[in-house]
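Structure record follows, encoded as structure tokens.
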Amino acid sequence: MLTLLQYEMKKTAFMKILCGFALFISQAFVMLGTATDNYVVAGLGAGLLVFFSFLVIFILGLSSMASLSKDLNTTQGYMLFMLPKHSAYFLLAKIMESLVSTFLAGLVIVLIFFFNISYFAIDTEAYKDLLEMFWNLVMSGKGFGTLSLYMIRFLATAAAFWIFLSTMAILCVTVQASIFKGKALALVVSIIAFFCLFLYLFSALPELAANISWEYKDPIFYGMILVLSVGFFALSSYLLEKQRNF
């Protein structure tokens, strides 16, 4: 598994370099504009930084989808799928690579924004309530234990949603490759199918969970997310294993 994960990291290395370069250039514009009192350049850099921050997360989040689509619709993955391993290993490596890359990119982006806030002494009055809540958590009776619990819950929820979206994306690519292998705009078809399925499920699942039990709607909703993630992954593995002659 570690070998497969390293292989996936190498395949997407150039894309990560481009993402890092975009963030670096944006931050350079911000620093240059403020150093020369050119607020047009600084404003442009800040706008680009916000834009590329969202774009980088989006790109890295779909990296597993794009990588799998290329493997299944071109000869790139021919030798890879000749390895004597079950298809589930390949899919799991792609999901893990996407999750780790997105988490690290998010961490870098947060550090950049915190640096800008502290370095340029941005007025934090607008964030007063948020800062007070953070301070109260730190100074509460449980101290950092309470804060750590919130952070763990937040990261666990974010990871659960990311895995759910990744398994859904991989299923869309696998189904597309089974039906329209090698066709033009194959990845575009997969992305359209992914967004349609995403919009439907995220409108239907919360309502269904509330109808089952309003009191326990959140645990039921997350239980549905977990079951669907496992189902998407199992179905993708089954279809891919049946189509190993790709």
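When the listed pairs LYS94/LYS242; LYS10/LYS242; LYS11/LYS70 are checked against a 22 Å cut-off, the alpha-carbon distance exceeds it for LYS10/LYS242. Projecting label points 7 angstrom from Cα along Cα→Cβ for PHE58 and ILE117 puts them 2.4 nm apart.
Throughout, read-outs are computed from the coordinates displayed, never taken from laboratory work. Not measured: the values here are computed from a predicted model. Cβ coordinates were reconstructed from backbone atoms using ideal geometry, including for glycine residues, and neighbour counts include every protein chain displayed.
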